[in-house]
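Working notes, beginning with the structure itself.
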């Protein structure tokens, strides 16, 4: 798009437009209606439906508005008799092959073709053709039904697949009248539902909910997705207090209408029969349903007893990063004010902390002001850490793809496995997790060599000389040897970074969740600062996407042993999640309050088991009786995200609202009310009126939330720190660690996706039943290495680490580093946490999810 | 004196006239009574005897054939008395898992039957539909099927 503005006249109105815009875009922007069918704002126009034809004065034939770019001075007419006739005939021709089964079609009522037919007043099929009755067909994914007859060949699904997701699972098959949407590569399908959401008719329908409802029977409730930290905005279709579908509005949130597999199909856990809807107390090993008063007063009495006997330090609290800001804020108030301890943590902190510490070291800030939209403006993108596609951060991955093919950005991927992004990358570094710092220093070395004088903007930054000194030994040869790649690749990547005007970095856990984790991110951030990705203007940027919806909010609300709300340091450091269980095993912690977390599945298992067994009192609040909750003494039922009012803070700092879509089961209350009531039974007063009132409290307690609203009129973000971002910038000191010899455990294991399946259950429970059809957890290992131990694809292997072992199916791949294993979890596996050791990174207090020494045996 | 006598006579004649007129009016009024009194009664001895309704009568609803759960009747119903839960079978066919017509709310306009694309819902000729409980006046799928007249 150019910056040049042109003037055009549409229907007598003179309008300003940017050169390069299409007539349709200009018309839409100015509220002039032009009918379309094959056009979709996120896709490249193909002009096939001929409904958007417009007349341009001077041109002898009508032109399609979606493909014609504006030119200075043109006069366009969008509604004339001739155009109406053309459109009417085009529509009638589309109808030739369309079955009139609207009553049975899912899309009826939201069908774009139906709307157009109604608008043009067509009441019969004028042209007839022999119809091939195809009926329902199997699609690339079992989650979507395909109805061949209803297809109008607008090719939106294929374009969405090729342009947004780029899986190339579907394509046009056949020619002429026989042409239809066919499945060309079903294995490539990732069930993201992008094709489903762009289909204008009912040719693709979702298969999750058996219950269907017309738009006039159901309501759509806008809320925020509770899966990953991108905080996609979605609309739950609610019918008779049941969620029967998920759609996404085009104009809201970071997702702009797109959703991932979990977001669009993973909602059936909301109505799972295993859900527990009454408080329970365990007596003699048996759960007994009790009234709320009894459960809460019992909880209060037990916590009080521990506080009296052993002091407040003997109580700990864990809260899920899928709780709302309001719940987390009240929970930390409960722990700090009512109980009187800083022993509070969340697994959200485990994912965010390494990044936060690195950013703080370099910029003195706790977070960065960039949004995911900035990625598109980047011209060289570095992806480090987890595999965005496999980890459910597909929206972020798609944003990178958009930059790649729309603006021709370069892509550098650092991951031991050649995932989908790595396949599209210009440079893929198959490095072992933990070698990111070495790579970054290697880049810095080459960057400094290329440009001796970097100008005052970089030279003047504190620590520049130290950085120069530290990078000296990381010559391309040394780096290539350490990483195990060619020197040319190192030079090529550095070349891309040198040429880049606006580099962007997209990082995600498990980067930083290993020994010296913070250093890895510091090194990457040093590089980002040096090559200009960290700017005040907010282009490119340094992004951190994580697996939990309120990962950022959890830390900002103070669910951290070292931080109060608003990143204020706590006067006294409490115990982190892992330390709490260590302390419990030593009988120093006697009571634990766990809200929505399942530490048995996400924290080092042996340690958690030992700790839980030694606890005097454990209260668990959750939707389901999770592994951990089964060992609790009191169980408090919780609300689902669809039943909650509140806010989430996503990874960009957007403060987004959750709206109550479902009426909760009788008697259930939100977390805030529960904490307040336990507090009152303990003899302290915590006034909790409503989530909105609590949000007011948050605004006062957390300076970063000043100016935000509980019910904003427009999308809002908590205070960005843009503008003065680089004022206190300083290059961080990075310790690099050479690869250590380890005889018994030849592999480095990284665990990805361990936090993403909260609530939807693990392999055996399959609470999101439909998702479980397509979700596969597997161990990715090098095909040669797999052949060495005699296993083929799909065979079960035993992963052994110094701390435990588990069995899982293996997937051999050529594009996998030889000494690495990548455990990709679609639904969490009960045994994964057995593989983890109790060691913590001393800086971030995070256990190792990456770089776990391991070996693999055939079962 | 003469004047007073004449006045008296005038009043006497006038009185007789009035009497005759009122008796005549009474008889006129009773004419219908007397004719009906001696003719056959119009009352139908319901429920022993039942009245034949017009062919266009709109009575209690019934299902003539399988509903496809399109929801058009729900959309058109002016008194919003239809509750439909559509469910998709594994083969993609839709059917109503729940179909309820609240006949207490229904105004028997027959729009549901008009809207039905497959002529599944119909309004029958039966008008006998009473109960002591409102709940019993809600027709479900089974009762709607059972309501179908025998000749269909």
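The values are calculated or read from the model by the stated rules, or taken from the named source; none is laboratory data. All of these numbers come straight from a predicted model, not from anything done at the bench. Quick reminder, even Gly has a Cβ in these numbers, built from the backbone with ideal geometry, and neighbours come from all protein chains shown.
Is it fair to say residue A:171 is crowded, with 21+ Cβ neighbours inside 10 Å and within 26 Å of residue A:403 (Cβ to Cβ)? Taking the combined requirement at face value, the residue does not satisfy it. Might you check whether a residue that is in contact (Cβ under 8 Å) with a residue 12 or more places away in the chain and not in a loop (DSSP other than H, G, I, E, B) occurs anywhere in the range A:41-53? The answer is yes; a qualifying residue exists. Scan the range B:73-83 and tell me whether some residue there is away from chain A (no Cβ under 13 Å), in contact with a strand residue (DSSP E or B) (Cβ under 8 Å, 6 or more places away or on another chain), free of Cβ contacts under 8 Å to residues at least 40 places away in the same chain and farther than 26 Å from residue A:136 by Cα. Yes, some residue in the range B:73-83 is away from chain A (no Cβ under 13 Å), in contact with a strand residue (DSSP E or B) (Cβ under 8 Å, 6 or more places away or on another chain), free of Cβ contacts under 8 Å to residues at least 40 places away in the same chain and farther than 26 Å from residue A:136 by Cα.
Residue count for the range B:62-72, restricted to those that are within 10 Å of another protein chain (Cβ to nearest Cβ) and within 26 Å of the chain's Cα centre (by Cα): 1. The condition of being loosely packed, with under 10 Cβ neighbours inside 10 Å, within 30 Å of residue B:123 (Cβ to Cβ) and at pLDDT 90 or above holds for only one of B:64, B:48, B:52, that being B:48. So in the range B:110-119, with the set limited to residues that are in contact with a helix residue (DSSP H, G or I) (Cβ under 9 Å, 6 or more places away or on another chain) and surrounded by 14 or more Cβ atoms within 10 Å (Cβ to Cβ), which one is nearest to the other protein chains (Cβ to nearest Cβ)? Restricting to residues being in contact with a helix residue (DSSP H, G or I) (Cβ under 9 Å, 6 or more places away or on another chain) and surrounded by 14 or more Cβ atoms within 10 Å (Cβ to Cβ), the top hit is B:117. Within the range A:194-233, the residues that satisfy the criterion of being farther than 17 Å from residue A:388 by Cβ, away from chain B (no Cβ under 14 Å) and in contact with a helix residue (DSSP H, G or I) (Cβ under 6 Å, 6 or more places away or on another chain) are A:195, A:198, A:199, A:200, A:201, A:226. Just one of the numbered conditions (1) surrounded by fewer than 22 Cβ atoms within 10 Å (Cβ to Cβ); (2) within 14 Å of chain B (Cβ to nearest Cβ); (3) in contact (Cβ under 8 Å) with a residue 24 or more places away in the chain is not true of residue A:180: (2). Checked against the criterion of being assigned to a strand (DSSP E or B), without any contact (Cβ under 8 Å) to a residue 40 or more places away in the chain and buried (at least 18 other Cβ atoms within 10 Å of the Cβ), the range A:846-855 has no qualifying residue. Report yes if some residue within the range A:234-257 is within 23 Å of the chain's Cα centre (by Cα) and without any contact (Cβ under 8 Å) to a residue 12 or more places away in the chain; otherwise report no. Yes: the range A:234-257 contains one or more residues that are within 23 Å of the chain's Cα centre (by Cα) and without any contact (Cβ under 8 Å) to a residue 12 or more places away in the chain. Hey, residue A:31 hits all of (1) more than 37 Å from the chain's Cα centre (by Cα); (2) free of Cβ contacts under 8 Å to residues at least 12 places away in the same chain but one; which does it fall short on? In the conditions (1) more than 37 Å from the chain's Cα centre (by Cα); (2) free of Cβ contacts under 8 Å to residues at least 12 places away in the same chain, residue A:31 misses (1) alone. Out of the residues in the range B:89-108 that are away from every other protein chain (no Cβ under 14 Å) and closer than 20 Å to residue A:216 by Cβ, state the one that is surrounded by the most Cβ atoms within 10 Å (Cβ to Cβ). Ranking the candidates gives B:101 first. Counting only strands (runs of 3 or more DSSP E) that sit completely within the range A:121-214, zero hold 3 or more residues that are in the same structural domain as residue A:47 (by TED's automatic domain parsing) and closer than 24 Å to residue A:87 by Cα.
In summary, residue A:824 fulfils each of the numbered conditions (1) at pLDDT below 90; (2) in contact with a helix residue (DSSP H, G or I) (Cβ under 9 Å, 6 or more places away or on another chain); (3) within 15 Å of residue A:751 (Cβ to Cβ) with the single exception of condition (2). For the range A:215-234, the set of residues classified as farther than 16 Å from residue A:107 by Cα and in a strand (DSSP E or B) consists of A:221, A:222, A:223, A:224, A:233, A:234, listed by residue number. Note on the range A:500-595: enclosed strands (runs of 3 or more DSSP E) holding 3 or more residues that are touching a helix residue (DSSP H, G or I) at 6+ places or on another chain (Cβ under 7 Å) and farther than 16 Å from residue A:366 by Cβ are A:503-508, A:591-595. Would you please name the residue that is nearest to the chain's Cα centre (by Cα), looking only at residues in the range A:101-120 that are over 21 Å from residue B:89 (Cα atoms) and part of a helix (DSSP H, G or I)? Among them, the one singled out is A:112.
Considering A:482, A:539, A:469, the condition of being over 28 Å from residue A:751 (Cα atoms), crowded, with 18+ Cβ neighbours inside 10 Å and at pLDDT below 90 is satisfied by A:539 alone. Please work out which residue is surrounded by the fewest Cβ atoms within 10 Å (Cβ to Cβ), limiting yourself to the range B:73-88 and to residues that are out of contact with any helix residue (DSSP H, G or I) (no Cβ under 9 Å at 6 or more places or on another chain) and closer than 14 Å to residue A:213 by Cα. The residue in question is B:87.
Taken together, the residues in the range A:293-330 that are in a helix (DSSP H, G or I) and either within 29 Å of the chain's Cα centre (by Cα) or closer than 24 Å to residue A:559 by Cβ (or both) amount to 19. Residue check: residue A:667 meets all listed conditions (1) under 26 Å from the mean Cα position of the chain (by Cα); (2) on the phi > 0 side of the Ramachandran plot but one, namely (1).
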